[in-house]
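Presented below is the structure to which this report refers.
The values are calculated or read from the model by the stated rules, or taken from the named source; none is laboratory data. As the structure is a prediction and not an experimental result, all values here were calculated from the model. Cβ placement follows ideal geometry from the backbone for every residue including glycine, while neighbour counts extend to all protein chains displayed. For accessibility, only protein heavy atoms count, side chains too; no ligands or nucleic acids. Shrake-Rupley method; radii C 1.70, N 1.55, O 1.52, S 1.80 Å.
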Amino acid sequence: MTRVLTGFVLLCVLAFSAKAQSSAGVKTDLNLMNFYVNDTCNLTSSMKAGGSAGFFYKYVYAENTAIEIDVMFHYRTSKIKNRTTGETAEYRYHGIELPVYSIKQIDAGQGLLYLGVGSFASVGFFSRYEAADRMIDLYKKDRTNGKTMMYRWDFGAGFIIGYELKCHLQFNFNYQLGFRNMFDESFGNVWMSSNLIGLGVGYRF
């Protein structure tokens, strides 16, 4: 992860040395997150609010076409319910994420309309299941097999659509779908993958 951040800083330096083609900025968003689960999983997941903040680098390599790389630090939550026992709990997660988008943009009114599709990779710093009478660290290794209940790493695809004013203030909507089963394979034929929508604002320098 240190290499990722170092690489991003170098890209930002290049951005200011080639202002005609590239730029950098900051962004933040409010997100809603839950999990897709299969029929063999006895849990349900409903969306709750979280937030993200970070920075981005944008490189315009052809007319109306660009690559955008984001580095986002996020906090996410979801309500979890056990269908067997009826227990409800909060899923809480902190992590860092690296989305990469291919962007198409056009002049629209008093600003720039853009649409991007791409992929993301993320890693969690901590992840907890918090019920009324207990708290489970989902990244804590089991003493018997050395495995964690959930994986730290995730990856998937997403899209972003937004509008940038002439003053470089941005507004966007984004969606992400995780491709990885976040449960360890020792849980058997149980699938649980991430699903997120977000509304954000940003500023491009």
- Pick from the range 173-188, criterion under 22 Å from the mean Cα position of the chain (by Cα) and part of a loop (DSSP other than H, G, I, E, B), ranking: farthest from GLY118 (Cα to Cα): ASP184
- Item | Subset tally (residues that are out of contact with any Asp or Glu (no Cβ under 9 Å at 6 or more places or on another chain) and either open to solvent by 20 Å² or more (accessible area, probe 1.4 Å) or assigned to a loop (DSSP other than H, G, I, E, B) (or both)) for the range 150-172 | 12
- Within the range 35-43, can one find any residue that is without any contact (Cβ under 8 Å) to a residue 60 or more places away in the chain and farther than 23 Å from ARG180 by Cβ? no
- Query: Filter the range 18-76 for residues that are within 18 Å of LYS104 (Cα to Cα) and outside any strand (DSSP E or B); which is modelled with the lowest pLDDT?
  - Reply: ALA20
- Item | Verdict on LEU32 being farther than 14 Å from PRO99 by Cα, of a type in the set (A, V, I, L, M) and open to solvent by 50 Å² or more (accessible area, probe 1.4 Å) | yes
- Message: Tell me the residue from GLY95, GLY86, GLY146 that is at pLDDT 90 or above and open to solvent by less than 70 Å² (accessible area, probe 1.4 Å), please.
- Response: GLY95
- Message: Just to verify a result, which residue in the range 105-149, among those that are in a loop (DSSP other than H, G, I, E, B) and among the small types (Gly, Ala, Ser), is farthest from LYS48 (Cα to Cα)?
- Response: GLY109
- Item | Looking only at the range 98-109, and only at residues there that are under 16 Å from PHE56 (Cα atoms) and of a type in the set (A, V, I, L, M), the one that is least open to solvent (accessible area, probe 1.4 Å) | ILE103
- Query: Has the range 38-50 got any residue that is more than 25 Å from TYR93 (Cα to Cα) and open to solvent by 60 Å² or more (accessible area, probe 1.4 Å)?
  - Reply: no
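So which of ASP133, ASP107 is under 30 Å from CYS167 (Cα atoms), of a type in the set (D, E, K, R) and without any contact (Cβ under 8 Å) to a residue 60 or more places away in the chain?
Details: ASP133 fails: under 30 Å from CYS167 (Cα atoms).
Unique residue meeting the criteria: ASP107.
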